[in-house]
Amino acid sequence: MELRAVLFMLCLGWLCQACTPGSTTVEQQGDFLFKDGVVYYSGPLNADVRSSLPADPQTFHPVNSYQSSKVQINSYLYESLISLDIATGEFVPDLAVALPTRSEDGLSYDFEIHPDAAWNDGRPVTAKDVEFSIKAILCPLSQADASRNLFEYIESLTIDSDNPKKFRITMTDYYFNNDYFGSQFVVLDQKFFDPEDKLANYSIPALKEGAESLSEDPELIAFAEYFNGPACSTDEAVFQAGSGGYYIESWTPGQEIVLKRNEKYWGKNLADKFHATKPEHIFFQIVSDQAALEVKIQNEELDVVTHLIPPSYAALLEDSLVNTLYNLSMTPRPSFVFIALNNRPDGVNQNKLFDDPTVRNAMALALPMDQIIDEILEGMAQRTSSPVPNFNMHYHDGLELVAFDQEKAKELLESAGWKDLDGDGVREKEVDGKLIPLSFEFLYPPQGQLYEDFVARLEYAWKQIGVECIPTPQPPAQYQRAVLTHDYVAALMATSSASVPYDFKQLFHSDSWLNGNNFFGFANEEADGLIDALRVERDPAARKEMANRIQEILLADMPILPLYVPMTKIAVHKRFNHGEAYPFRFYVNMNQMEMLRPE
């Protein structure tokens, strides 16, 4: 039986013994007094929450970057119309007073912003701010490329003439994720992010359709210079530009980000946990080294840690002192780790190695993933053959896992014409009149010994079938640039998924090679047709059939090598109430964590 299951059963047994109807349960454990499900703390630590990030955000622009550390910080600073409840996976009102009302044809959505919703200076959040936020992302000169494709179906936003907080969003076509549109962007303060109101002169359709013609527009160039620049990303003024319950009090690059409770926050009197602002401060220390992270937990220097690697988590589980001070837990992460193979190498900067699905399949068959997960990841991951999370309605639960079969991998390479002609252990083939080896640089961001060990196992496995992998760690900025410009042959990647029904467009449609996240250049005519049809199909059963077929095509064509779904390893200090770990990122609602002293 797995350790987490044993721990769960032990906890369940304790609860069953303690919770006799009508009785009061009290248990003292050092500085912690547990009374009827509430913890009271008498130790020396205060009520501020101290957490950690694996990397410095470098920018706090609300829409121009999707770096995980930045998004986590900004989740406390900015708000959307509706947001995900990370405990249930359901959507709930955020800035909106309620979930939107949808028209019968599924093309129109009526929103109303909460009457109290306001910016830090007391000005109300209005529909004009929402309209600006959409326009800012659609503007072809803003650097919000990753978000722009999510707005493909929006047609217009109409503000109620009698109420500036009411508006209707109309879509051009039915799209199965239109219902969640209000969660796909944060609402920006138009006065701050466009002080000269330059985007007021451009309609939503004009910005959507005029990417080429507007690229030389002087007004948009002026807007973009400000919007993409430091004033909206790193200058101190932007630290207080959101409508959320916290603002950035200080930022020491590479060391620490301090969030301060906004005492003027419009939502502080709402009863729900999403608008709570219990801690006065939330501290984020930048800690990339796992050994340092372990020491900080052992010394009670951190309260919430969500980026532990398997060896560190295993060590903490064995530490009796840590277990008396922290709640340790694991939950499957809504993300997917895979190897991206460049399906469209140019033959000049990148050799044509992985444009052949036969070769890609051989690369997948060569990997002993069960063994790697057990030995390198200490069993703290789940194998998968699909990029779709297993909790998602579009997940294909009938897909078989890729087998480990190095003999079959060798046969496939032979059939594709790759042979070891000179006996050096590396296969060669004549491509475009030139003899090239089956050898490539494997890009990955350096993140400690675990990554080094993981990549070394991949390198060894491929060597057994005559393929030379050259591990090439690259700094994050350089790695990201190589991937975004398609200037790579193979790279280790991970992607996260929302809880909405999975849309394959961004990653796997051929249109997304130049204007999306199809970094590997996958192109399949049948898959493209299914992806397009699925997005506008109203029948969930028909959509499920299409989604299943797309996943079957991906597994057969192998544009990427599916590896595993990681487990999030979480440590939360026991002195806090409402410090539960949840299955969706960012896994802990630190704004609701509350420390109580004994009465």
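Values as computed for the structure displayed
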read-out	value
Three-way shape label, segment 179-226, alpha-carbon gyration tensor, a/c 1.5	oblate
Whichever lysines have a C-alpha closer than 17 Å to that of LYS166, once near sequence neighbours (fewer than 8 apart) are set aside	LYS128
Two-site label geometry, SER250 and LYS463: point separation in nm, points 7 Å out along Cα→Cβ	4.9 nm
Loop-located GluC sites (Glu not before Pro) in segment 110-191 whose Cβ has at most 14 other Cβ within 10 Å (DSSP)	GLU152
Relative contact order of the chain, pairs being alpha-carbon contacts under 8 Å that are 6 or more residues apart, as %	19 percent
Segment 130-191: C-alpha gyration tensor shape, a/c 1.5 cut-off, then a/b vs b/c	oblate
Cα centroid of segment 424-471 to Cα centroid of segment 321-397, whole Å	17 Å
Segment 42-104, relative contact order in percent, only Cα pairs under 8 angstrom and at least six apart counted	18 percent
Surrounding net charge for ALA482, when Lys and Arg each add one and Asp and Glu each subtract one, Cβ distance under 14 Å	-2
Accessible-area composition of segment 58-139, carbon plus sulfur, in percent [1.4 Å probe]	50 percent
Backbone N within segment 570-599 under 13 Å of label point (7 Å from VAL26 Cα along the Cβ vector)	598-599
Rounded to the nearest 20 debye, dipole of the chain from Cβ charges on Lys, Arg, Asp, Glu	1040 debye
Too-long pairs where the Cα-Cα distance tops 24 Å, listed order kept, from LYS135/LYS544; LYS165/LYS260; LYS35/LYS569; LYS135/LYS191	LYS135/LYS544; LYS165/LYS260; LYS35/LYS569
Helix-only mean residue ellipticity at 222 nm for the chain, each DSSP H run of n ≥ 4 adding -39500 (n - 2.57), per residue, nearest 500	-8000 deg cm²/dmol
Area of LYS429 that stays accessible when all protein chains are in place (1.4 Å probe, Å², to 10)	60 Å²
Accessible area expressed per residue, the chain, with surrounding protein chains retained (probe 1.4 Å, Å²)	44 Å²
Relative contact order (%) - segment 285-414, alpha-carbon pairs under 8 angstrom, separation at least six	21 percent
Net charge of neighbours whose Cβ lies under 11 Å from the Cβ of LYS260, counting Lys and Arg as +1 and Asp and Glu as -1	-3
Cα-based shape type of the chain, given that a ≥ b ≥ c are square roots of the gyration tensor eigenvalues and the cut on a/c is 1.5	oblate
Segment 422-510, accessible surface, carbon-and-sulfur percent (1.4 angstrom probe)	51 percent
Proximal charge balance of LEU492 [Cβ under 15 Å; K/R count +1, D/E count -1]	-3
Distance between segment 260-307 and segment 501-517 - C-alpha centres, whole angstrom	34 Å
Modelled FRET efficiency - R0 45 Å, VAL295 with ALA556, Cβ distances, 0.05 increments	0.45
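The values are calculated or read from the model by the stated rules, or taken from the named source; none is laboratory data. The structure presented is a predicted model; accordingly, all values stated were derived computationally and were not measured. Virtual Cβ from ideal backbone geometry, glycine too; neighbours counted across all protein chains shown. Only protein heavy atoms, including side chains, enter the accessible area calculation; ligands, DNA and RNA are left aside. Shrake-Rupley method; radii C 1.70, N 1.55, O 1.52, S 1.80 Å.
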